[in-house]
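Written below as structure tokens is the structure these notes are about.
The values are calculated or read from the model by the stated rules, or taken from the named source; none is laboratory data. This one's a predicted model, so the numbers in the text were calculated from it and none came from an experiment. When we count neighbours, we look across all protein chains shown, and the Cβ atoms used for this are built from the backbone with ideal geometry, even at glycine.
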Amino acid sequence: MAAFQIIFTPASSAEITRLPTPLQVEVLREFDVLTADFLDKHPDRFGTVRCPDRTLYRYRAGDYRIYFEKTAQGLVIHRVLHKNSLKDFAFRSQLPLSEDEVLGENPKFWELINSPNSKNE
């Protein structure tokens with residue numbers, strides 16, 4: 001099986017770079033197991049956030065949530081958010097539906113994903 005290429009957006013690159021080096025290694029090590037068919041064989045390991053034309057996956061790496069997309073080139077990492085960051089908390093707490101359904105329907109989530117701004121305010 002071929003491994004995925006991991007591509008960081010400018011925002012996710014800035015987010016991962018702000019982490020201490022040992023934590024960067026720990027978070028990135030979580031992707032070592034990914035192969036071309038991993039998403040299909042282990043769907044229970046990922047949350048899925050959908051909108052009509054796009055599917056993102058949410059992966060837990062320790063205390064971080066990594067939001068990524070599968071493309072022909074590999075995995076595009078859109079955001080690396082601490083589980084307790086205000087943005088992550090705002091999207092994931094006190095929601096009547098599943099968190100992934102609510103995220104998919106929330107235009108602010110897609111603004112966060114598409115934003116080149118990497119500040120976790």
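Quick notes on this structure:
- Odd one out for Gln94 among (1) outside any loop (DSSP other than H, G, I, E, B); (2) modelled with pLDDT under 80: (1)
- Counting the residues of the stretch 14-36 that are modelled with pLDDT of 80 or more, loosely packed, with under 14 Cβ neighbours inside 10 Å and either aliphatic (A, V, I, L, M) or within 15 Å of the chain's Cα centre (by Cα) (or both) gives 2.
- Filtering the stretch 30-71 to residues that are touching a residue at least 12 places away in the same chain (Cβ under 8 Å), more than 22 Å from Glu101 (Cα to Cα) and of a type in the set (D, E, K, R) leaves Glu30, Asp37.
- Residues that are part of a strand (DSSP E or B), more than 10 Å from the chain's Cα centre (by Cα) and not β-branched (Val, Ile, Thr) within the stretch 39-63 comprise Arg50, Cys51, Arg54, listed in sequence order.
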